[in-house]
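Structure first, then comments.
The values are calculated or read from the model by the stated rules, or taken from the named source; none is laboratory data. Note that the structure is predicted; figures quoted are calculated from it, not measured. Cβ placement follows ideal geometry from the backbone for every residue including glycine, while neighbour counts extend to all protein chains displayed.
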């Protein structure tokens, strides 16, 4: 634990395109940068140009060397997805507070290990599902918590985006079962996290279809369709695709209950498009104005709020708003969808174990 005045030593492991948002959020929180790491040294050097000063900031290609040399107190794991769990586990074992980009792992076993170690070591571990901090999502969550929907009936998470070959050519791990997964695990997991969280969390079973319709140069799915039966009696519908012509179409989240209906849209579910409750005390148009955000890309504005929460959680010795267990539950749901689609049957939760690598060869002809 740290005093409010202390400055935490901070490092970034993995300097791909998402790392820029972590770096900016860390700068805004006043963290002390001690290291940047990437297997490709030039990427780490490029990210160093974002810092107000590069004095004392080590550049590494080996993350273990960074951890042992710089001894950071907080680390962001922003590597390729297939390395998230390996890097995070090494950080947590050393008692380092850790922010893990989504997905926190590509197997249930690794995700559970992260959750277990976080509790055992008493460190703050946060899954980077930053859209939970969207003003629109906060308003919806508050409405759920206040019981304004009444009985929840069903919710829908739709991710209708486009990803072409140039996107997958950015890195060799993209679209592979070992390093990534497909549309649901990569592009869709933020909205999938929101749906599970807002609809009550616990799930009885999942039934799904997945397919690779338009990207024969990747291994995993570019379309996923799933039905979810939540333990509280409500239902969920997930549609995730990277096949939209000619570009990103929409990402929407809908929640329907006995006394209310809500739809959030925008680039990262940051705009309220429908707000209708039986007990309406604030005009829907006012809610739309209060919660509206217009981010420049699909990543939204949530990283800054997430970092402030993590720093506060560390200083106060509490759990972060988004925990490692939250990250595990999102991964588990995607893997349950994969398993159901591969086996052609409903799948019960919780999963004993499952990994993206279980589906190698799934769409090979």
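Just one of the listed residues (279, 294, 248) is part of a loop (DSSP other than H, G, I, E, B) and under 30 Å from residue 336 (Cβ atoms), and it is 248. Of everything in segment 1-15 that is part of a loop (DSSP other than H, G, I, E, B) and modelled with pLDDT of 95 or more, the residue that is farthest from residue 49 (Cα to Cα) is 8.
No other residue among 316, 339 is over 17 Å from the mean Cα position of the chain (by Cα), at pLDDT 95 or above and not assigned by TED's automatic domain parsing to the domain that holds residue 76 apart from 339.
A single entry from 91, 83 fulfils the requirement of being assigned to a helix (DSSP H, G or I) and buried (at least 24 other Cβ atoms within 10 Å of the Cβ): 91. Suppose the filter is free of Cβ contacts under 8 Å to residues at least 24 places away in the same chain, within 29 Å of residue 119 (Cβ to Cβ) and surrounded by fewer than 21 Cβ atoms within 10 Å (Cβ to Cβ); does residue 32 pass it? For residue 32, the condition - free of Cβ contacts under 8 Å to residues at least 24 places away in the same chain, within 29 Å of residue 119 (Cβ to Cβ) and surrounded by fewer than 21 Cβ atoms within 10 Å (Cβ to Cβ) - is not met. What do you reckon, is residue 98 surrounded by 18 or more Cβ atoms within 10 Å (Cβ to Cβ), modelled with pLDDT of 95 or more and within 16 Å of residue 17 (Cβ to Cβ)? Taking the combined requirement at face value, the residue does not satisfy it.
Sub-7 Å Cβ pairs linking a first residue in segment 208-219 that is in contact (Cβ under 8 Å) with a residue 60 or more places away in the chain and in the same structural domain as residue 168 (by TED's automatic domain parsing) to a second residue that is part of a strand (DSSP E or B) and buried (at least 22 other Cβ atoms within 10 Å of the Cβ), at least 6 apart or interchain, are 208/224; 208/226; 210/224, ordered by first then second residue. Counting only residues that are assigned to a loop (DSSP other than H, G, I, E, B) and in contact with a strand residue (DSSP E or B) (Cβ under 6 Å, 6 or more places away or on another chain), segment 320-358 holds 4 of them.
If you go through segment 117-153 and keep only what is in the same structural domain as residue 260 (by TED's automatic domain parsing) and surrounded by fewer than 17 Cβ atoms within 10 Å (Cβ to Cβ), you end up with 138, 141, 142, 145, 146, 147, 150, 151, 153. Restricting attention to segment 61-80, which residues are closer than 29 Å to residue 175 by Cα and not in a helix (DSSP H, G or I)? Scanning segment 61-80 gives 61, 62, 75, 76, 77, 78, 79, 80.
Of the residues 272, 255, which is assigned to a strand (DSSP E or B), under 14 Å from residue 152 (Cα atoms), modelled with pLDDT of 95 or more and in the same structural domain as residue 337 (by TED's automatic domain parsing)?
255
Quick check, is residue 104 assigned to a helix (DSSP H, G or I) and either closer than 15 Å to residue 325 by Cβ or modelled with pLDDT of 95 or more (or both)? Taking the combined requirement at face value, the residue does not satisfy it. So which residues in segment 213-235 are over 24 Å from residue 348 (Cα atoms) and buried (at least 18 other Cβ atoms within 10 Å of the Cβ)? Residues satisfying the conditions are 215, 218, 219. The set of residues in segment 26-60 being closer than 20 Å to residue 91 by Cα, in a helix (DSSP H, G or I) and in contact with a helix residue (DSSP H, G or I) (Cβ under 8 Å, 6 or more places away or on another chain) consists of 26 alone.
When each of 327, 300 is tested for being surrounded by 20 or more Cβ atoms within 10 Å (Cβ to Cβ) and at pLDDT below 95, the lone residue that passes is 300.
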